Amino acid sequence: MNAADALAESIVNELRALGIDVALRDVHLERPARKEHGDFSTNIALVLSKSLGRNPRELAGELAASINARPPRNLEVAQVAGPGFLNFRLRPAWLHEALGEIVTAAESSYAAPDLGHGERTQIEFVSANPTGPVHVGNGWFGAYGDALARIMTRTGWSVSREYYVNDTGGQIRLLGESVLARRRGEVPPEQGYQGEYVGEIAAQYEGSDDVVEAGRFAAEQILANIRATMERLGIHFDEWYSQAFIEESGRVAATIEELRSRGHIYDEGGAVWFRATTFGDSRDRVLVKSNGDATYLAGDLAYHRNKFVERGFHRVIDVFGADTHGQVASLRAGMEALGIDPSRLEVRIGQMISLVSGRMSKRSGNYVRLDTLIDEIGPDATRLLSLLSSIDQATTLDLDIVKERSAENPVFYVQYAHARIASIKKVAFERAVDTRPIEAVDLGLLEHERELDVLRTLVDLPRVVEEAAVDRAPYKLTNWVRRLAGDFHSFYHDCYVMGEGVAPDLTQARLWLVEAARIGLSIGLDLLGVNAPDEM
RNA sequence: GCCCUCGUAGCUCAGUGGAUAGAGCACCGGCCUCCGGAGCCGGGUGCGCAGGUUCAAGUCCUGCCGAGGGCGCCA
């Protein structure tokens, strides 16, 4: 049993002894922000005081006295603090035991709680339209989606990464028109695509003057390019799902028929309408235009029906940009109308990424290619840059500042910690330092505050991974990795592992501490999709 | 007009309803006899405004102000 569980159990038992019945799950132990407040603290006395009509400090005092009289394993002392908190200081042995557990579990199973129980989950992200190269705006959340997939996989979900390819409709025709115009040596239409890439594609295009044929040809070229960019970032999609396929396979028509049979369709003005207001949307929506074309929403409903019903995903997480969040209400309404529990669809809205020169747009040609950013600062720094903060945070990128700061990018700070670890191991090997199995090492020698700080951070990893998974918030893991790297750098500076005057037994203990730090960094960086190099 | 997200230090951002709100960058000082100085140590009164809920609010609720995004028979 770990220290927190033993503490919680003791709290429940001692409360019962005082005649207060409380469930184990209602006892919340947290790791205080300030070290002076001990290793764990609980607000249970504050929570209970109201219903019991008792003074919280007094209650906490009684509880502390009982716990101190029969202390659980490794507890040094329980103390009342502030308005009625109960703080617990543990003996360092609890951290030494944790170190043993970390090293034993190692990368494969430390901080890998099964929260998802194998639930089949699809994460759809990026899905940038194949009408131009992926840029730092529409590609920004690629690292987010991929890191989330990694984190949820580690925590027991069965995750599939998906890219929805919008390869049909008006924009493809517009793309085709732009290509054909370039081939004729003309400027693309005003609303068309102005980027240089259109000319490059036009030079390769040998097909007919049909706008759809030209558009699809261009979309294929562009998609191959997007795929290559994603690969550079280490992002591999399990599925590239085509909107054209959804339409041409009859699924759109079938979805509309199902809605009709459920009574949610009416015809008006030559168009087919979905009565979305029945399900909370702000207005009804057209599914088939009067010209006979399906709308984007019709395709999207068919697509999501395909995800849930045909492919059997129990949960779908769509990562959208704020510019398309307007479609969410309609999509949810459609799911409900189709008899699919809308709570199975999770939509994460990422705020907009813009340039100092203004909003990015493929049509106008004002954008920075993701490839360009990767060329400038490398794939690891590119990924971490977008994983530093919550996706709720709107970001304005100044490429000059990003480049300038790339030398001080947090990614180097973290990777440098990993490289130092590798270096220590290398030196240990070169000097033929004897390495004993952990059972034969006195970990109790690890008493330096720097050593304990590293351990304290490492024991937090399981909780951090869990939070990152449940909150769909990879940046929480980024924060943790940076904290661990900082703790390690401080340790490295103050505690020589093999320096002069370091007792051989202490060297042994520190080598295991270093190994645990390596495991933690390795897990964290892997979940973020960032390399953990041995040399820099 | 209605809806969504966000306002925290000069800048970029953390902060599961808890205790004295923290990091990085920038700026100013220190620190290399040891395993990599891409490092370490020190220097800090800032939660947009006003109410409310609570033992406790940066965090939850309401209103206002400000920023971004949406509200198509576009995708």
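Just a few scattered comments:
- The alpha carbon centroids of the range A:295-352 and the range A:1-53 are separated by 41 Å.
- What a 1.4 Å probe finds exposed on the range A:328-422 is 47% carbon and sulfur by accessible area, rounded to a whole percent.
- Extension gain for the segment A:Q327 to A:E467, taken as residue separation times 0.36 nm less the Cα-Cα distance, is 47.6 nm to one decimal.
- Potential extension, A:T104-A:R436 segment - 0.36 nm per residue separation minus Cα distance: 118.1 nm
- Sequence-separation-based contact order of the range A:409-528, relative, with Cα cut under 8 Å and 6+ spacing, percent: 40
- For A:Q351, net neighbour charge (Lys/Arg +1, Asp/Glu -1) across residues whose Cβ lies under 14 Å away: 0
- Candidates A:T277, A:G116, A:L513 compared by Cα position along the dipole of chain A: farthest toward the positive end lies A:T277, with charges placed on Cβ.
- Ratio Rg/Rh, restricted to chain A and using Cα atoms, in which Rh is the Kirkwood radius: 1.06
- Take each peptide in A:500-508, A:280-288, count the other Cβ atoms within 10 Å of every residue, and average; sorted highest first, the result is A:280-288, A:500-508.
- Annotation: the range A:178-277 has a Kirkwood hydrodynamic radius of 16.9 angstrom, from the mean reciprocal C-alpha pair distance.
- Heavy-atom accessible area per residue - chain A, 1.4 Å, Å²: 45
- Within chain A: Cβ-based charge dipole about Cα centre, in debye rounded to nearest 20 (Lys, Arg +1; Asp, Glu -1): 880
- Within-12-Å neighbourhood charge of A:R275 [Cβ basis; K, R +1; D, E -1]: -1
- Total formal charge among the other residues, if their Cβ is under 11 angstrom from that of A:M230, Lys/Arg +1 and Asp/Glu -1: 0
- Of all lysines in the structure, those lying under 30 Å Cα to Cα from A:K425, and not within fewer than 8 positions of it along the same chain, are A:K476.
The values are calculated or read from the model by the stated rules, or taken from the named source; none is laboratory data. Given the structure is predicted, the values throughout are model-derived calculations rather than measurements. We place every Cβ from the backbone using ideal geometry, glycine too, and count neighbours over all the protein chains shown. For the accessible areas, the whole protein counts, side chains as well, though only heavy atoms, and no ligand, DNA or RNA atoms are used. Shrake-Rupley method; radii C 1.70, N 1.55, O 1.52, S 1.80 Å.
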